[in-house]
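Taking it in order: structure first as C-alpha cells, then the write-up.
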Amino acid sequence: MTENTVKRTAEWKSEDHRHYLHPFTDHKDLGEKGGSRIITRADGVYIYDSEGNRILDGMAGLWCVNLGYGRTELVDAAAAQMRELPYYNSFFQCTHPPAIELSERLSELSPGNFNHVFFTGSGSEANDTQIRLIRRYWDLQGQPDRMTIIARKNAYHGSTLGGASLGGMSAMHEQMVLPVPGIVHIEQPYQFELGADLSAADFGLQQARLLEKKILEIGADKVAAFIGEPVQGAGGVIIPPDTYWPEIQRICDEYGILLVADEVITAFGRLGEWFGSTRFGMRPDLISFAKGVSSGYLPLGGALVGDRVAEVVIAEGGEFAHGYTYSGHPAACAVGLAVLKIMQREKIVERVREHTEPYFHARFKTLEDHPIVGEVRSIGLVGAIEIVKDKSSRERFHKDLGAGTRCRDFCVNNGLVMRAVGNTMIVSPPLVVEDKHIDELVEKAWKCLDLTAASLARE
Ligand SMILES: *Cc1c(COP(=O)(O)O)cnc(C)c1O
C-alpha cells in the first residue's frame, strides 16, 4: 500500500458512486453512508483496503476463493494459456485442450453416473442450462407436459431470469414478473425459523413431504424436476436435518422426477467432499457448479450432466440449441485444472474433512454462549449465527433495528468479513484457513456481537 493509494481513496469513492453500479446494492443509501470500501489487494486469507486495513476474509470472497489469495500457480496457469490460446469457441466442431482436460477431470471426480459437462461462465448460467436440459429431456421422452420445476422458498440459484425464477427470493421476484411460467416453490427446511417444536428428524421428513404434496397437487405427469442446494447458502446457511434429502430422493424416485443439486457453493471441498450431495446421500441427475471450481480467480461454472439425461439429450437428441460465447473459456478452464491439481496435491478435501471442519465446528459453536445468539450451526466450512433478542423464546430484534447489518459493519471495521442475511450472520472461510485464523474469526465475531448488543441496548 502506497501513500498514493490512500490519497486516491476519496477520488475512487466518488468515481465509484458516480459510475459503478454494484450488484444487490441500494446506491442512494451507500452514497449517504460514505460510499464503498475499496479493496486493493489480498494475500492468503486476508484482504487489504485502500486505507491499509487488513481484514480476515470470512466469506472467501463470495464463497469462492477456496484456495486463498496470492496463488501464483493459478495466475501462471491463466497467463500461460492466454499466451498459447486466449480464446476460442467450441461451437462449430472445434475444441481445445483445457476444456477437454477439465471436462475429463470433472467426470472423474464427480459421482459415478456423471460423464458429461456443459461449461458456463457462472452459476446463474449453469442453472439456466439446467432448465434447458430438463425441458429438452422430457420433450424428447415424449412427455412435453412434464414442464414444472419445483424449487424452494429462500433458495438462491442466481440472478439471470432463469436463475432468479428457480431461486425463492421474493424481493427478486417482485422487481420483475418472476418466476417464469412452470416454476413453483415449496417451503424450505429451516428449522430455527419454522420447526422449533419438532425433533430434527421429524421436521426434516415434514419439510421433504411438502414436495410430495406439491407433486400430487400439480399432477405427477406434469412435474419435470426438483432443484435444491444441498445446504442453502445465500438464504442463510440452512442445513437440513439428516432425514430431509433421503426423503426427497425417495419422492423423486417414486415419481420419476429429475433431481438437480445446485452445488455452486457445496462442491469442491466446502462440505469436506468433492460434491456435497454425496454427504447427504443424494443421487442427483444433474449438478450445477461454479465458484470454487476456479477458486474465483476467473469466472467459470457449468452443468454436470448425469447419464440418464445425457443418454437422451446428448446421445439421441440432435442439436441442443444452447450455448455461451464463453462456454469452456480456455483461460478459465486452465485455472480450473490448476485448482484441481492444487486441491489434490495439498489434500484440501481430506484436510477439511479430517481436521479443519471439526476444529471450526467446535470453536464456532462457542459463540452460542453469547447473550444475543439463539443458535450457531455449521457443516464443513460454512456456518451461521442467529442473532436474537431473547435466547429462550428466540424472539428477534425488530427488523428496523438492522441487527444483522450492524453486526456486519462492526465486523468489517474490526478486521473480519462476516455477511448478514437478515439477522443471520454467515461465514464461509477459504478452505485453507489454519487454526489460528479460525481462532481470530471466533474472537472477532464475539467482540462484534458484544458491540452489536451494546449498540442495540442504547436504542
Ligand atoms: C452464487 C450462486 C449461484 C449463482 O452463481 P453466479 O456465478 O453468481 O451466477 C447459483 N447457485 C448458488 C447455490 C449460488 O451460491
Scan segment 102-123 residue by residue and report those that are touching a His at 6+ places or on another chain (Cβ under 9 Å) and either surrounded by fewer than 21 Cβ atoms within 10 Å (Cβ to Cβ) or in a helix (DSSP H, G or I) (or both). 103, 107, 121, 123
Take residue 339 and tell me if it is assigned by TED's automatic domain parsing to the domain that holds residue 106, open to solvent by less than 10 Å² (accessible area, probe 1.4 Å) and not hydroxyl-bearing (Ser, Thr, Tyr). yes
Exactly one of 78, 155, 99, 126 is touching a residue at least 24 places away in the same chain (Cβ under 8 Å), in a loop (DSSP other than H, G, I, E, B) and either touching a Phe, Trp or Tyr at 6+ places or on another chain (Cβ under 7 Å) or open to solvent by less than 40 Å² (accessible area, probe 1.4 Å) (or both), and that one is 155
Name the pairs whose Cβ atoms lie under 8 Å apart, with the first residue in segment 227-242 and closer than 13 Å to residue 267 by Cα, the second within 11 Å of the ligand (Cβ to nearest atom) and among the hydroxyl-bearing types (Ser, Thr, Tyr), and 6 or more positions between them or separate chains? 229/156; 229/266; 230/266; 231/266; 232/156; 233/156; 233/266; 233/428
Can you tell me which of 458, 408, 419, 396 is open to solvent by 30 Å² or more (accessible area, probe 1.4 Å) and modelled with pLDDT under 95? 458
Criterion first (surrounded by fewer than 18 Cβ atoms within 10 Å (Cβ to Cβ), at pLDDT below 95 and assigned by TED's automatic domain parsing to the domain that holds residue 260) does residue 242 satisfy it? no
Qualifying residue in segment 209-222 (condition: within 16 Å of the ligand (Cβ to nearest atom) and not β-branched (Val, Ile, Thr)): no
Looking at 318, 328, 296, can you tell me which residue is more than 26 Å from residue 187 (Cβ to Cβ), in contact with a strand residue (DSSP E or B) (Cβ under 6 Å, 6 or more places away or on another chain), part of a loop (DSSP other than H, G, I, E, B) and not acidic (Asp, Glu)? 328
What tally of residues in segment 134-152 results from selecting those that are open to solvent by less than 70 Å² (accessible area, probe 1.4 Å), of a type in the set (A, V, I, L, M) and either more than 21 Å from the chain's Cα centre (by Cα) or away from the ligand (no atom under 16 Å from the Cβ) (or both)? 3
Residue that is closer than 21 Å to residue 353 by Cα and not in a loop (DSSP other than H, G, I, E, B), where the choices are 225, 261, 267: 261
Output for segment 369-388, where each listed residue is free of Cβ contacts under 8 Å to residues at least 60 places away in the same chain and not in a strand (DSSP E or B): 369, 388
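The values are calculated or read from the model by the stated rules, or taken from the named source; none is laboratory data. Keep in mind the model is a prediction, meaning the values are calculated, not measured. Glycine gets a Cβ as well: all are built from the backbone with ideal geometry, and neighbour counts include every protein chain shown. Accessible surface areas use protein heavy atoms only, side chains included; no ligands, DNA or RNA. Shrake-Rupley method; radii C 1.70, N 1.55, O 1.52, S 1.80 Å.
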